[in-house]
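Shown next, in structure tokens, is the structure this report addresses.
Read-outs: derived from the displayed coordinates by stated rules, not from any lab. Fair warning: this is a prediction, and the values are worked out from it, not measured in the lab. Methodologically, a virtual Cβ is constructed for each residue, glycine included, from the backbone with ideal geometry; neighbour enumeration extends over all protein chains shown.
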Amino acid sequence: MTFNNPARFISNVGVLNHLKARNVKEIVIAFAIMAVLSACGGGGGGGAGSVDLSNKNPDVEESGAKQLSEAPDSGASAEAMFRGNASHTGSYEDPGVPSLNGLKWKFAVSGRIRSSATIYEGYAYFGGQDFALHCVDIETGEEKWNFTTDSQIVSTPAVASGKVVFGSNDGHIYALNADDGKVAWKHLTGNPVNSSPAIVDGVIYIGSHDTRAYAMDLESGSVIWQFNTEGRIESSPAVGGGTVFFGSDDGNFFAVDTKTGIEQWRYDTGVGFASSPALSDGNVYVGSGDMNLYAFNQETGEIVWKFQTNNRIDASPAIHAGVIYIGSRDAHMYALDLASGTEIWKFKADKGVADDPFITKSSIKSSASLSGSTLYFGAIDKVIYALDVTTGTELWTYTTLGGVETSPTIHGNKVYVGSNDGHMYVLE
């Protein structure tokens, strides 16, 4: 276990930007603080956990750029980001679809859909292998607009304050105007961005294959800080209690201060993370490539418990009413006691294997979502499953024409699920 390094300081320019001095007295104070930091070596950067508060972003459009001052209200509805909230619990208040009536509509793109839908003010936003971010009316299934990047989009968008934020494999983090799809700003990381953003109090948290996690101002796209790891960041950050949590392909799971970008603690599993963490009851829960689901104390990073499956865990946990649900690439969905990690039930998702001679083995990459007494998820066997949360009993299934890797989004009495067959399905 490695804890925070107090030698990692905020850059001098960043201090001046944040002080936003408005009179001579404040300017004198600002430069005094800069002098102290310089004496401590505070101007340096680089290495794991380095902090950059220069707020320089050459790729931001001039019309939208401004320095971060007081963070505006996020403007996000409860479901307007990956996993339904910044804690990534995957739990929704909506009624969902405990009993399936059928398909309301489906929307086709060219190529797979691995980006989950985000619902905001009557529209569904999601990306595809067709390089485009789509905005679709949730009632009619008609497309309002689309925006084409230079590569596929795996990242699930977050929507707040009228902006749609997402990453593309072309290496950019984009912010589009939600009403017309025009670019508000974009930031080049230089490597694919599969991580899905979390937005809290006007700040975006997102990872990139460039090995960095970023905190960015929602309004301008200015980088507040960046945190360096030694591997690609596929994991989508969860945010709570002044800390942002995420895993890296370097095998480490990190806890980083949301304001400063300074590392609080890390835990090395030795195997990379694709799973995104979930926060509840003072703990952070995350799956690892080492086949374990971990429960860490949010403050200390100490292991509370861990549960081993029979294959790596790429899915993210769902949490509700003292139970945690996790899918594994061993094709099982597990329900565990949140406090102890004790197994309550497990369900094997291989229905499509028997139905399709071309599928020889199933797997769960889809992150489960739940509402009321129903748990929803997809599997590589092309099937969307709905289970009773208490018993693990199958309630209904819906078969698509491709593997399902996306996380179901629940809105009202509908469930939105993307498939590798190139369709976004809306079930009711």
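Tabulated results
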item: Förster radius 25 Å - calculated FRET efficiency between residue 428 and residue 358 (Cβ-Cβ, nearest 0.05); result: 0.30
item: Highest average packing first - 292-303, 369-380, Cβ atoms within 10 Å; result: 369-380, 292-303
item: Long pairs among 106/361; 346/382; 348/414; 259/346, criterion Cα-Cα beyond 30 Å; result: 259/346
item: Peptides ranked, highest mean first, by Cβ atoms within 10 Å: ranges 381-388, 334-341, 225-232; result: 381-388, 225-232, 334-341
item: Gyration tensor verdict on region 321-428 (Cα atoms; rounded if a/c is under 1.5, prolate if a/b is larger than b/c, oblate otherwise); result: oblate
item: Prolate/oblate/rounded label for region 82-233 (Cα gyration tensor, a/c 1.5); result: prolate
item: Eligible aspartates and glutamates near residue 306 by straight Cα distance, threshold 13 Å, same-chain separation 8 or greater; result: 290, 337, 343
item: Amide hydrogen neighbours beyond the local backbone of residue 105, cut-off 5 Å, H modeled; result: 426
item: FRET efficiency estimate (nearest 0.05) - Cβ-Cβ, residue 394 to residue 137, R0 30 angstrom; result: 0.40
item: At R0 = 35 Å, FRET efficiency that the Cβ-Cβ distance of residue 308 and residue 373 yields, to 0.05; result: 0.80
item: Global form of region 45-427, assessed from the alpha-carbon gyration tensor, a/c cut-off 1.5; result: oblate
